[in-house]
């Protein structure tokens, strides 16, 4: 009898996993463990996580001059030096609201 309970429970779990809704829209990346006091390079996802903004907001702010342009490209991917992002965050990252 216990085998039938385990089988039923495992079937329910499989059904739940296969019928779950897919996530849509922008996903905020996890906060990386980065020491901004050490020299290094930050990719776009790191800058997003540190500033708490989405990919589209990051590039919109760069276009508007509210976020620093990348310090360079490595293999076609943008990067910022840790000092650039640290300075940006220390000087008060620009908070843009829709009310203006």
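The values are calculated or read from the model by the stated rules, or taken from the named source; none is laboratory data. For clarity, every value in this text was computed on a predicted model and none was experimentally measured. Note that we place each Cβ from the backbone using ideal geometry, even for glycine, and neighbour counts take in every protein chain shown.
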Given (1) within 17 Å of residue 33 (Cα to Cα); (2) surrounded by 14 or more Cβ atoms within 10 Å (Cβ to Cβ); (3) under 15 Å from the mean Cα position of the chain (by Cα), residue 81 misses just (3)
Cβ pairs under 6 Å, 6+ apart, first in the range 35-46 and at negative phi and modelled with pLDDT under 90, second part of a helix (DSSP H, G or I) and surrounded by 15 or more Cβ atoms within 10 Å (Cβ to Cβ) = 36/82; 36/86
List the pairs whose first member sits in the range 63-92 and is more than 14 Å from residue 46 (Cβ to Cβ), whose second member is part of a helix (DSSP H, G or I), and whose Cβ atoms are under 7 Å apart, counting only residues at least 6 apart or on separate chains?
-> 69/62
Return only the number of the condition from (1) modelled with pLDDT of 90 or more; (2) part of a helix (DSSP H, G or I) that residue 66 does not satisfy.
-> (2)
Out of (1) outside any loop (DSSP other than H, G, I, E, B); (2) within 17 Å of the chain's Cα centre (by Cα); (3) modelled with pLDDT of 90 or more, the odd one out for residue 88 is which?
-> (2)
